[in-house]
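A.B. asks: My structure is below; once you've seen it, I'll send some questions.
Each reported figure results from applying straightforward, stated rules to the coordinates on display, with no laboratory input. Not measured: the values here are computed from a predicted model. FYI the Cβ positions are ideal-geometry reconstructions off the backbone, even for glycines, and counts take in every protein chain you see.
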Amino acid sequence: MAAEPAQHDTSQPALTIPALLIQRLRQDADRPALYVPRGGQFHSVCWASLIDAAASLAAGLSDLGLQPGDRVAVVSPNRYEWVVCDLAILGLGAVHVPIHNALAGPQIAWQIRDCGARLVLLAGPDQASRLASLSEPPAEVRYAAFDPCHAELAGTPVLPWTHWHASPQRGRELIQHAAATVQPSQLATILYTSGTTGEPKGVMLSHENLISNARATLQAFGHDPADLRLCWLPLSHVFARTCDLYITLVAGTPLALAESPEKVMDNCKTIRPTLMCGVPYFFEKVQRTLCEQGRADEPGALANAFGGRIRALTSGGAALPDHVARFYHARGVMLVQGYGLTESSPVITVSTPGQVKIGTVGRPIPGVDVRIAPDGEILTRGPHVMLGYWNKPQATAEAIRDGWLHTGDLGELDADGFLRITGRKKELIVTAGGKNVAPVYLEALLTADPLIQQAMIVGEGRKFLAALIVPAPEALRAEIIARRIPVTSAAEALRHPHVLALYEERIRARLADVSHYEQVAKFVLLNRAFSIEQGELTPTLKLRRSVIQEHFAEEIERMYG
């Protein structure tokens, strides 16, 4: 299925969502905006229909008293309704707070309260049940759901979201008014990202942050009127939101929403995209599947797996292994790597089909400055840099100094201006799936258990998290006696199935309120504690992660073997 070519917008650039919606209505009303999966097929939705749906919701939200600057939270996986909500909320000049669908109930509730959301839109019963299970769901909030949902939250019924719709004609008028009044510098969205201590920080991005970043990325990558993007990464993350949704909004080209992450490759064969974003683990999995099938070197097999029309694939969220990039390039499929943060809207640098150096993350996009600090930290400034962290002025001042965003990543620029990432200053783990995980927070949860003296989470660039666990010897000894576990030595205890089952139970209990990607999939019990003498702890007893990983490399590799 090929998209109908769109006319490239050569008029004065619009730097707000409502202004872009008006542009799309004027220039591309009857052209496809979305391809939505339904019943195993993709159905085309034109720009006029999409914007009318957003306008209808905008009018209803206005009737509920929503004002510019008010926050609306959305908890949902990717779907047509998510896009409608985003365009409606921003089209009014209000603030969209997308909450990751993978989060546990307490995490969702914390973000709703922290941002002060007045309205919350849920996908359906699953999201409602996670909040309903809490002793105190967020109160003084109105709830609605896309799917039928017979539930009450804090004594408030969850209404069908259709109850929050009104006249699309009046909604268009409201969007037209917002196009004339909303300023590019106005807050558009708050995106919560893991802090190094585990308490999320709300990244505040303006309309200009988002649209200028989409426009500059499009300029760097090149515009083709026949482009069709397939989106499967969560739109609640800024990567997909800017690089899939807003790039198509800027370019006037269509976006196809994948049925699910599990059906991406099937969807590729149906929709035949020209562009797609992904994370390293996904691209490596496609490579591995072809190798296992004995088709890796079959002419055209890799390109055909993506539908046969792919112009370029973009990897982000984590480091792309060089061998994966070489595999794709050797088979004529352009796989390029980019780099950025939620705080930078997100794109800072990107490789393009004409400018690629394997092992780097490309060059800065137009309008973005990058420099390397004396200590090796990557700094950036430009219209992509966030407004700051929601209600965290001190954290904002630490992150943005003299206009430069301090990324917390280490890198180097080569003579041709290509950026290479060499390490990380901040204590965050980025998994192979591109998920940011705060190890300090998870370790604090684990060591709150009387049986765990010390813990260190690992998983950088891996498919799942694992943990090095130092048992609390006296507590473990008492537990072994109480449970009458037959062991004759400390070494035997660390390997005994009943002891391992006990720790698995404790770890699961301690991490019950965190998301699925923050769960520890494997662990090992160590026979000694981390120490200052071994260089594994700082004088203030903080973990020296690189030293510990070196000392216990064999144990770590066994967990991932």
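A.B. asks: Going by C-beta contacts inside 10 Å, put H496, H516, H165 in order with the fewest on the left. Could the numbers behind the result be given before it?
C.D. replies: Numbers: H496 16, H516 11, H165 20.
Listing H496, H516, H165 from fewest to most nearby Cβ atoms yields H516, H496, H165.
A.B. asks: Which whole-number percent gives the relative contact order of the range 438-560, counting Cα pairs below 8 Å spaced six or more residues apart?
C.D. replies: Values: 140 pairs, mean separation 31.4, N = 123.
It comes to 26 percent, rounded to a whole number.
A.B. asks: So if I take the centroid of the Cα atoms in the range 97-159 and the same for the range 414-456, what is the distance between those two points in Å?
C.D. replies: Centre-to-centre (Cα) distance: 29 Å.
A.B. asks: Show me the ranking of peptides 274-283, 427-436, 483-492 by mean Cβ neighbours inside 10 Å, starting with the highest. The partial results should precede the final answer.
C.D. replies: On the way: 274-283: 22.8, 427-436: 20.2, 483-492: 10.9.
Output ranking for 274-283, 427-436, 483-492: 274-283, 427-436, 483-492.
A.B. asks: What does the net charge come to around L119 if you take all other residues with beta carbon closer than 9 Å to its beta carbon, with K and R at +1 and D and E at -1?
C.D. replies: On the way: positive: R71, R118, R142; negative: D70.
Result for the local shell: +2.
A.B. asks: Explain nothing, just compute: Karplus ³J(HN,Hα) = 6.51 cos²θ - 1.76 cosθ + 1.60, θ = phi - 60°, for every residue of the range 352-357 in order, whole Hz, x for Gly and Pro.
C.D. replies: For the range 352-357, the Karplus-derived couplings read 10, x, x, 9, 10, 10 Hz, x marking Gly and Pro.
A.B. asks: Right, here's the next one. Which order results if S344, S185 are arranged by neighbouring Cβ count within 10 Å, fewest first? The partial results should precede the final answer.
C.D. replies: Working: S344 25, S185 14.
Exposure proxy ranking, most exposed first: S185, S344.
A.B. asks: Please list the radius of gyration and Dmax for the range 61-172, considering alpha-carbon atoms only, with Å as the unit.
C.D. replies: Radius of gyration, then largest Cα-Cα span, for the range 61-172: 13.0, 42 Å.
A.B. asks: How long is the gain from A132 to E504 if the chain were fully straight, where each residue apart is worth 0.36 nm and the alpha carbon distance is subtracted? Walk me through the numbers before you get to the answer.
C.D. replies: Numbers: separation 372, 0.36 × 372 = 133.92 nm, distance 2.71 nm.
My answer for the length gained is 131.2 nm.
A.B. asks: Counting each DSSP H run of 4 or more residues in the chain as -39500 (n - 2.57), what helix-only mean residue ellipticity at 222 nm follows after dividing by all residues, to the nearest 500 deg cm²/dmol? Mind showing how you got there, number by number?
C.D. replies: Working: 19 runs with 189 residues, N = 561.
That comes out to -10000 deg cm²/dmol.
A.B. asks: In addition: About the Cα centre of the range 216-430, how large is the charge dipole given +1 on each Lys and Arg Cβ and -1 on each Asp and Glu Cβ? Please answer in debye to the nearest 20. Please report the intermediate quantities before stating the final value.
C.D. replies: Values: 22 positive and 22 negative charges, 60 e Å.
Charge dipole, the range 216-430, about its Cα centre: 280 debye, nearest 20.
A.B. asks: Also, I was wondering about something else. Within the P(r) computed for the chain, what percentage of the Cα pairs occupies the region above 31 Å? All intermediate terms of the calculation are to be shown ahead of the outcome.
C.D. replies: Working: 79954 of 157080 pairs.
The calculated P(r) of the chain puts 51 percent of pairs beyond 31 Å.
A.B. asks: Below 8 Å between Cα atoms, with a sequence gap of 6+, how large is the relative contact order for the chain in percent? Write out the running numbers ahead of the final one.
C.D. replies: Values: 1159 pairs, mean separation 65.4, N = 561.
RCO, the chain: 12 percent.
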